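> Here it is, the structure, as structure tokens.
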Number of protein chains: 2
Amino acid sequence: LAGGTFSQVRQLLNSLPGAETAHLLESSPPREREILWRLLSQEQETEVLQYLGEEVRVELLRDLPPEELVPLIEDLDTDDLADLLQELPEQVTSQVLAALDAQNRERLEQVMSYPEDTAGGLMNTDVITVRPEITFGVVQRYLRRRGEIPETTDNLLVVNRRNQFIGVLPLTRVLISDPGTTVREAMRTDVEAIPADRPAHDVAKLFERLDLVTAAVVDENGVLVGRITIDDVVDVIREEADHSLMGMAGLDEDEDTFGSVWHTVRRRSLWLGINLLTALAASAVISLFENTLEKVVALAVLMPIVASMGGIAGSQTLTLVIRAMALGQVQEGNTRYLFTKELAVGALNGLLWALVIGATAALWFDDTSLGMIIASAMVLNLVVAAGAGALIPIAMKRMGIDPALAGSVVLTTITDVVGFFAFLGLATILYASLV
Amino acid sequence: LAGGTFSQVRQLLNSLPGAETAHLLESSPPREREILWRLLSQEQETEVLQYLGEEVRVELLRDLPPEELVPLIEDLDTDDLADLLQELPEQVTSQVLAALDAQNRERLEQVMSYPEDTAGGLMNTDVITVRPEITFGVVQRYLRRRGEIPETTDNLLVVNRRNQFIGVLPLTRVLISDPGTTVREAMRTDVEAIPADRPAHDVAKLFERLDLVTAAVVDENGVLVGRITIDDVVDVIREEADHSLMGMAGLDEDEDTFGSVWHTVRRRSLWLGINLLTALAASAVISLFENTLEKVVALAVLMPIVASMGGIAGSQTLTLVIRAMALGQVQEGNTRYLFTKELAVGALNGLLWALVIGATAALWFDDTSLGMIIASAMVLNLVVAAGAGALIPIAMKRMGIDPALAGSVVLTTITDVVGFFAFLGLATILYASLV
């Protein structure tokens, strides 16, 4: 890419499908991304936009005047368009809305009336509805006259006179059944519609558990307002997974891998600052024992071990519990079992590695007391780590704090403080009694 | 649940759909899980099995004799059945295979001939094929006679006489087109089939990028061997995400949240042992500076700060790069940009927090040299951390090591060793020159 002329690059871009071009843009540093984008024709831009991730999409469109923006984005799916408009300046949004035709505007406003991370925010409004009393012959004539069926349509949605959802009619049943069959006879009523205010997370779990491809969305009166398709659910699953993974490192799941340096520094520095505070807390604990450290310098050599093993063991429990909570596996009835199990695992692993490190320390510094001190501190810290790893996410969820983000900071603070305090405290007591 | 009698529980289980019962089993401690499973009728067990996660499914079925096993599992999807059989003892597998009818056995053996994490291992064999020369009228008569279309079928697959894949026929086109249209006129040939040996990871990326619901799978001669459906792809995405998240903490993505204590201890202790070795390496570095530590005990108080900030900054870069690699965003052309960007971010954040910690340390211990030492060590360690965070996953991938698993251990070893060495080394030089 770097070596080619503009016309060569343009030729290459012409030969790529939209999804590949979008991937190329996302994998490019800012300057190259800008240049590539300018080389695309308006038609290509329209196509590429639907495949771009949200952060990159907003970046490329933020500075366009509304009159250039509207033709580019009016063909996006309603849910993507709604997400995009929520990221653009208020003024641009209203100009875009004004430029759309009445039907599209109404649909868009409906999607935008729900938060982005709910069923309503995920839905598209491209539904095909049928009435229960008509026959398959009529359905098929209607579909032929319509001439087009939206992508990813596996079911027609059956509604009553008041547009309330009453069931789904799989397209496959229309294909295999006699034309005289009525919709009512063949429709499935064991499929529930999703209330528009359902969180996106629950929607994803429902799709996964029932292997759905699409699902109807209804408002509080049971009136059909749209449908959710599996591709948008896949995006939710991917975003949630990214959120857990990136959150553990204090990163935003939308973080642009090739974003600018300044932007990245600002985003990440807060996290480092918070961690500096917790590291200072650990230092404050250590400073309580300066006298002991002065006398036995081996303590300074060994003390990071206790703290770090506690951090590792605790983060195993923390990660496990956060994932189990995301999968909806943690409930009132099994919390106690989970907690007890993790404590037991912590204690057993603590004992095992306490023996190893105790023996190592005793031999290294030729000091049996030192071995006993570090072994005891290790068991204690690993049990505390397991308990903290299990309780922190549960407590944070009750308090409405996101454990994927804040969990690991709180955990390491605890394991550092307890680790240093236990090890140096025990040492102070024991060496004082020996002298 | 705990309070009810068996018959009450059984009544409850009868009222739950299979997917909910499966979720209940997965959320139960081992003993309760065993009891619940026994309370299910054979019919229910068959239904619940298809919704259970692999680890729990294997656990429940491992000890059944083949004659009880076969009726339970013969209705599973081919891909699930293949995965399950690969986990059961060889002897059981061959007995199960022998008990299946010839067609099912042949299909199953075909799926089992591909590794579990390839397109071939993911596929089902329930395809409906049509020839290009027939008309839609014939297609629809054929489908009516067939009477049943497999779940999640959006396309019929078009093959030639040698059963080679040549295109897909969306069911929606059959519905809206004239019965006289031939398959050849209406089929899509812009959709490629997936080679059976393609890794599951690539299959998932393809589904995500092209918003697919199903895709055809072909062997090396282009012969159609099966199809992959989106629900199995969702499982792949979920498993990969779990793998990244759990791998960072040294956990297996299949780890059973409510597994037994012993099992868990064994799984996790190896990881703790590896981390103990790296912590000992850090201690060895500290022990090089015992003399300096003895003279200036404030160094012992502050030294964990430098190491821990390096670990945090490094893991931000590491996590970002691992995710970018999973999304296929890291290529030859942009590695240098990414590396330089992360180094710059590390340096800037290093400078910022070096100033803060330098001033804090100088004030706390009333020692300007100490402030300068910790500030310099901090900048150095954060730059090294950023470089290591970016290079480790790229290097590991080239060597065929999974960075999600081993990356964080190697990283913290480096940031600990460099952090302690830089801080204590600088202190030794500076204080020696002062004395």
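So that you can scan it fast, the table gives a plain yes or no per residue for (1) in contact with a Gly (Cβ under 6 Å, 6 or more places away or on another chain); (2) touching a residue at least 24 places away in the same chain (Cβ under 8 Å); (3) surrounded by fewer than 22 Cβ atoms within 10 Å (Cβ to Cβ):
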{"residue": "A:225", "(1), (2), (3)": "no, yes, no"}
{"residue": "A:238", "(1), (2), (3)": "no, no, yes"}
{"residue": "A:259", "(1), (2), (3)": "no, yes, yes"}
{"residue": "A:269", "(1), (2), (3)": "no, no, yes"}
{"residue": "A:305", "(1), (2), (3)": "no, yes, no"}
{"residue": "A:310", "(1), (2), (3)": "yes, yes, no"}
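> Something else: Tally up the residues in the stretch A:25-51 that are in contact with a Ser or Thr (Cβ under 9 Å, 6 or more places away or on another chain), within 14 Å of chain B (Cβ to nearest Cβ), closer than 30 Å to residue A:226 by Cβ and not hydroxyl-bearing (Ser, Thr, Tyr), please.
The total comes to 3.
> Next question, about the same structure. Could you give me the residue pairs with C-beta distances under 9 Å whose first residue belongs to the stretch B:380-396 and is touching a residue at least 24 places away in the same chain (Cβ under 8 Å) and part of a helix (DSSP H, G or I), whose second residue is of a type in the set (Asp, Glu) and crowded, with 23+ Cβ neighbours inside 10 Å wherever it lies, and which are 6+ apart or on separate chains?
Matching pairs, first to second residue: B:386/B:342; B:387/B:342; B:389/B:342; B:390/B:342.
> Keeping to the stretch A:309-327, report how many residues are within 19 Å of residue B:310 (Cα to Cα) and in contact with a Ser or Thr (Cβ under 8 Å, 6 or more places away or on another chain).
So in the stretch A:309-327, the residues within 19 Å of residue B:310 (Cα to Cα) come out as A:309-312, A:315.
Checking which are in contact with a Ser or Thr (Cβ under 8 Å, 6 or more places away or on another chain) leaves us with A:310-311, A:315.
Total satisfying the criteria: 3.
> If I filter the stretch B:367-377 for residues that are within 38 Å of the chain's Cα centre (by Cα) and modelled with pLDDT of 95 or more, do I get at least one hit?
Residues of the stretch B:367-377 that are within 38 Å of the chain's Cα centre (by Cα), as a first pass: B:377.
Applying the additional criterion that residues be modelled with pLDDT of 95 or more yields B:377.
Checking the stretch B:367-377: at least one residue is within 38 Å of the chain's Cα centre (by Cα) and modelled with pLDDT of 95 or more.
Yes or no, residue by residue, for (1) within 21 Å of residue B:212 (Cα to Cα); (2) under 32 Å from the mean Cα position of the chain (by Cα):
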{"site": "B:162", "(1), (2)": "no, no"}
{"site": "B:165", "(1), (2)": "yes, yes"}
{"site": "B:182", "(1), (2)": "no, no"}
{"site": "B:187", "(1), (2)": "yes, no"}
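> Determine whether residue A:336 is among the basic types (Lys, Arg) and more than 8 Å from chain B (Cβ to nearest Cβ).
Here the answer is yes, as residue A:336 does meet what is asked.
> For the stretch B:210-220: of the residues being surrounded by fewer than 20 Cβ atoms within 10 Å (Cβ to Cβ) and within 14 Å of another protein chain (Cβ to nearest Cβ), which is modelled with the lowest pLDDT?
Filtering the stretch B:210-220 for residues that are surrounded by fewer than 20 Cβ atoms within 10 Å (Cβ to Cβ) and within 14 Å of another protein chain (Cβ to nearest Cβ), the one modelled with the lowest pLDDT comes out as B:210.
> While we're here: Report, by residue number, each residue of the stretch A:139-181 that is within 13 Å of chain B (Cβ to nearest Cβ) and among the aliphatic types (A, V, I, L, M).
Those that are within 13 Å of chain B (Cβ to nearest Cβ) and among the aliphatic types (A, V, I, L, M): A:139, A:143, A:149, A:156, A:169, A:171, A:174, A:175, A:176.
> Of A:299, A:343, which residue is surrounded by 24 or more Cβ atoms within 10 Å (Cβ to Cβ) and in contact with a helix residue (DSSP H, G or I) (Cβ under 9 Å, 6 or more places away or on another chain)?
Values: A:343 fails: surrounded by 24 or more Cβ atoms within 10 Å (Cβ to Cβ).
Checking each option against the conditions leaves just A:299.
> So residue B:330 ticks every box in (1) surrounded by 17 or more Cβ atoms within 10 Å (Cβ to Cβ); (2) free of Cβ contacts under 8 Å to residues at least 40 places away in the same chain but one. Which box is left unticked?
Unmet for residue B:330, out of (1) surrounded by 17 or more Cβ atoms within 10 Å (Cβ to Cβ); (2) free of Cβ contacts under 8 Å to residues at least 40 places away in the same chain: (2).
> Take residue B:370 and tell me if it is assigned by TED's automatic domain parsing to the domain that holds residue B:417 and within 24 Å of residue A:254 (Cβ to Cβ).
Working: assigned by TED's automatic domain parsing to the domain that holds residue B:417: yes; within 24 Å of residue A:254 (Cβ to Cβ): no.
Judged against the criteria, residue B:370 is not a match.
> Would you please name the residue that is surrounded by the fewest Cβ atoms within 10 Å (Cβ to Cβ), looking only at residues in the stretch B:29-69 that are basic (Lys, Arg) and closer than 21 Å to residue B:90 by Cβ? So that I can check it myself, show each step before the final result.
Within the stretch B:29-69, the first condition is being basic (Lys, Arg), and the residues that meet it are B:31, B:33, B:38, B:57, B:62.
Among the residues that remain, those that are also closer than 21 Å to residue B:90 by Cβ are: B:57, B:62.
Details: B:57: 23, B:62: 12.
Once the filter is applied, the top-ranked residue is B:62.
> Scan the stretch B:350-366 for residues that are more than 11 Å from chain A (Cβ to nearest Cβ) and either among the basic types (Lys, Arg) or assigned to a helix (DSSP H, G or I) (or both) and jot them down. Walk me through how you get there before you give the answer.
First pass over the stretch B:350-366, keeping only residues more than 11 Å from chain A (Cβ to nearest Cβ): B:355, B:358-359, B:362-363, B:366.
Within the stretch B:350-366, B:355, B:358, B:359, B:362, B:363 meet the criteria.
> For residue A:207, work out the one condition from (1) in a helix (DSSP H, G or I); (2) closer than 26 Å to residue B:48 by Cβ; (3) more than 8 Å from every other protein chain (Cβ to nearest Cβ) it doesn't fulfil.
Result: residue A:207 fails condition (3) only.
> Would it be correct to say that residue A:148 is at pLDDT 90 or above, over 19 Å from residue A:197 (Cα atoms) and exposed (fewer than 14 other Cβ atoms within 10 Å of the Cβ)?
Details: at pLDDT 90 or above: no; over 19 Å from residue A:197 (Cα atoms): yes; exposed (fewer than 14 other Cβ atoms within 10 Å of the Cβ): yes.
For residue A:148, the condition - at pLDDT 90 or above, over 19 Å from residue A:197 (Cα atoms) and exposed (fewer than 14 other Cβ atoms within 10 Å of the Cβ) - is not met.
> Turning to a different aspect of this structure: Against the condition under 27 Å from the mean Cα position of the chain (by Cα) and not aromatic (Phe, Trp, Tyr), how does residue A:63 come out, does it pass? Even if it seems obvious, please write down each step before you answer.
Values: under 27 Å from the mean Cα position of the chain (by Cα): no; not aromatic (Phe, Trp, Tyr): yes.
So residue A:63 fails the test.
> Please give the helices (runs of 4 or more DSSP H) falling wholly within the stretch A:98-180 in which 2 or more residues are free of Cβ contacts under 8 Å to residues at least 40 places away in the same chain and farther than 26 Å from residue B:171 by Cβ. Before you say what the answer is, go through the steps one by one.
Values: elements: A:102-112, A:119-122, A:136-146, A:171-176.
Here the list reads A:102-112.
> What's the number of the condition residue A:201 fails, among (1) out of contact with any Ser or Thr (no Cβ under 8 Å at 6 or more places or on another chain); (2) within 15 Å of residue A:167 (Cα to Cα); (3) away from chain B (no Cβ under 11 Å)?
With respect to (1) out of contact with any Ser or Thr (no Cβ under 8 Å at 6 or more places or on another chain); (2) within 15 Å of residue A:167 (Cα to Cα); (3) away from chain B (no Cβ under 11 Å), residue A:201 is out only on (2).
> I've got another one for you. If you check residue B:319 against the conditions, is it modelled with pLDDT of 90 or more, surrounded by fewer than 18 Cβ atoms within 10 Å (Cβ to Cβ) and hydroxyl-bearing (Ser, Thr, Tyr)?
Working: modelled with pLDDT of 90 or more: yes; surrounded by fewer than 18 Cβ atoms within 10 Å (Cβ to Cβ): no; hydroxyl-bearing (Ser, Thr, Tyr): yes.
Considered against the rule, which asks whether it is modelled with pLDDT of 90 or more, surrounded by fewer than 18 Cβ atoms within 10 Å (Cβ to Cβ) and hydroxyl-bearing (Ser, Thr, Tyr), residue B:319 comes out as no.
The values are calculated or read from the model by the stated rules, or taken from the named source; none is laboratory data. Everything numeric here is computed off the predicted structure, so don't read it as measured data. We place every Cβ from the backbone using ideal geometry, glycine too, and count neighbours over all the protein chains shown.
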